[in-house]
Amino acid sequence: MPELAEVEIAARNLRAWALGRRIERAEAEPSAAYVFRPGTPKRFTAQITGHRVESVRRIGKQLLWTLRGDDGPLGLLAHLGMTGKWLRREKGQPAPEYGKARLHLDDGHVLHFRDPRLFGRLRLVPGARFEEVDELKELGPDPLEAGIDPARLGAALARRRAPVKVAIMDQGILPGVGNILASESCFRAGIDPRRPAATLGGVEVARLAQSVLEAVHDAITRQEGPEIAYVEEGGENPFLVYAREGERCPRCKRADLRRLVQAQRSTFYCPRCQK
DNA sequence: ACCCGTGTTCGCTG
DNA sequence: TCAGCGAACACGGG
């Protein structure tokens with residue numbers, strides 16, 4: 001369930017699990033070719049096997065692995081898409097359902113990339129030259145790593161006529177912000193998600209910047225644990241407004257939360273608190 | 001059967 | 001060139 005917070009947890013897990021480990025064998029499901037584009041499952045297997053995991057970095061929703069082999073570094077760019085997840089299993093345990101790729105480590109564990117819906121991506125980056133990858137060039141500064149500069153955010157929003165909730169999901173503006181965080185951030189900031197981005201004043205932009213960081217920190221705090229545990233089946237919805245259409249607003253406790261569709265995605269908001 | 005979904009990309013339009 | 005829009009991608013779950 002990957003937005004910034006989930007990917008950050010994934011990065012922390014992967015560092016704890018894999019840093020310094022040698023990948024004795026990499027495997028990929030031939031049937032999951034879609035995940036490895038551009039590239040093939042075969043190439044994935046052949047190139048990664050034998051490398052050591054040197055670092056795992058996160059920018060927005062992207063995971064940047066740097067692997068070290070005999071003939072220099074190799075990058076692995078991983079995106080979880082809608083349903084991607086990294087899991088760790090002991091050697092010999094059955095692979096998780098929908099496992100698309102596996103990294104057998106030299107400590108008796110196997111890292112599985114599980115992705116039922118196949119919107120995830122695993123992409124090799126020769127020489128780990130991530131600076132040459134187009135999707136990464138287009139990303140803005142990571143909110144968690146660099147903070148959010150209200151002046152920069154204001155300037156970016158000023159150019160947009162799109163609704164503010166849609167604009168803040170632009171990965172060139174706030175990488176890592178997805179559909180949930182966007183709704184949550186607008187709610188926390190008391191800003192109507194339908195407002196054209198360019199109509200926000202300086203005070204509102206500053207409040208929005210702060211709200212995004214708070215929503216991210218809250219989400220990370222909730223999820224820390226051995227694995228990504230997140231709105232697991234039967235778990236309680238941890239969000240303030242997301243997926244709470246019809247429920248009473250947790251702030252004003254008077255209006256009922258509403259749902260609307262923006263840019264083909266659901267938005268949740270309080271019609272009374274968000275101006 | 002139908003609708004929904006935590007994401008990105010591509011093609012088209014103004 | 002850029003902003004905006006809708007479709008497409010693939011598939012499980014309610």
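Data for the structure
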item	result
Phi to ³J(HN,Hα) by Karplus 6.51 cos²θ - 1.76 cosθ + 1.60 over region A:46-57, Hz, x for Gly, Pro	5, 7, 7, 3, x, 7, 10, 7, 9, 7, 9, 10
Distant-in-sequence amide H partners of A:Lys61 (H built 1.01 Å from N, under 5 Å)	A:Gly176
Exceeding the 20 Å Cα-Cα cut-off - candidates A:Lys61/A:Lys275; A:Lys85/A:Lys137; A:Lys165/A:Lys275	A:Lys61/A:Lys275; A:Lys85/A:Lys137
Residues whose placed amide H lies under 5 Å from that of A:Arg21, excluding near-sequence neighbours	A:Val53
Average Cα contact separation per residue, chain A, under 8 Å, 6 or more apart, as relative contact order %	17 percent
For chain A, the longest site-free run once GluC sites (Glu not before Pro) in DSSP loop states with at most 10 other Cβ atoms within 10 Å are removed	A:98-231
Karplus-derived 3J(HN,Hα), 6.51/-1.76/1.60, for each residue of region A:125-134, Hz, glycine and proline x	10, x, x, 6, 7, 5, 5, 9, 8, 4
3J(HN,Hα) from dihedral phi, region A:153-160, Karplus parametrisation 6.51/-1.76/1.60, rounded to Hz, x for glycine, proline	4, x, 5, 5, 5, 5, 8, 10
Amide H contacts of A:Arg265 (H built 1.01 Å from N, under 5 Å, at least 5 apart or other chain)	none
Sequence of A:Thr83, A:Thr66, A:Thr221 once ranked by neighbouring C-beta atoms within 10 Å, starting from the fewest	A:Thr221, A:Thr83, A:Thr66
Electrostatic dipole magnitude of region A:143-269 [Cβ: Lys, Arg +1; Asp, Glu -1; Cα centre; debye, to 20]	860 debye
Rounded if a/c under 1.5, otherwise prolate or oblate - region A:4-136, Cα gyration tensor axes	rounded
Nearest-ten-degree value, helix A:4-18 long axis tilted from longest Cα axis of chain A	20 degrees
Given charges at Cβ of Lys, Arg, Asp, Glu: chain A dipole, positive-most of A:His109, A:Gln210, A:Pro193	A:Pro193
For region A:4-136: relative contact order, % (alpha-carbon pairs under 8 angstrom, 6 or more apart)	27 percent
Computed magnitude of the charge dipole of chain A (debye, nearest 20; Cβ of K, R +1, Cβ of D, E -1)	780 debye
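Throughout, read-outs are computed from the coordinates displayed, never taken from laboratory work. Being a predicted model, the structure only gives us computed values, none of them experimental. Quick reminder, even Gly has a Cβ in these numbers, built from the backbone with ideal geometry, and neighbours come from all protein chains shown.
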